[in-house]
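The values are calculated or read from the model by the stated rules, or taken from the named source; none is laboratory data. Bear in mind that the values here come from a model prediction, so they are computed numbers and not experimental data. Cβ placement follows ideal geometry from the backbone for every residue including glycine, while neighbour counts extend to all protein chains displayed. These area figures cover heavy atoms from the full protein model, side chains too; ligands, DNA and RNA do not enter into them. Shrake-Rupley method; radii C 1.70, N 1.55, O 1.52, S 1.80 Å.
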Amino acid sequence: MPRYYFHVAYGDTAKIVNDGLELANKEDAWIEATTACGELIQDLDGGLKPGDSWSMTVKDDSGAPVYELKFLTRSF
């Protein structure tokens, strides 16, 4: 089963949020990524402010990007 890695960047901080997950396919990696994004952003407890950026990149075993989810904030 392929392994997928989830990299999170928030402001100037970037980190891998796990040691990789074995998932059946990239569609399952998408489900995991979108679920995890919701949970991680919720954990910021209102800390995401206008002008901040938050992203998750999902990579496969070779390090190639599979998905990128970006949350850009701004005020008008």
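Worth a mention:
- Rolling a 1.4 Å probe over the protein heavy atoms of the stretch 22-76, with every protein chain left in place, gives an accessible area that is 49 percent carbon and sulfur.
- Computed label-point distance, nm, for sites HIS7 and THR35 using a 7 Å Cα→Cβ extension: 2.4 nm
- Computed with a 1.4 Å probe on the full set of protein chains, the accessible area for LYS26 sits at about 100 Å².
- LEU21 versus ASP61: modelled label distance in nm, points set 7 Å from Cα along the beta carbon direction: 1.8 nm
- Stretching ASP45 away from LEU72 to a fully extended chain increases their span by 8.1 nm, per 0.36 nm per residue minus the current alpha-carbon distance.
- Exposure of PHE71 as accessible area (Å², to 10), given a probe of 1.4 Å and all protein chains: 80 Å²
- Per residue, the chain exposes an accessible area of 68 Å² to a 1.4 Å probe, with every protein chain left in place.
- Over the chain, DSSP H runs of length four or greater, each weighted -39,500 (n - 2.57), average out per residue to a 222 nm ellipticity of -8000 deg cm²/dmol.
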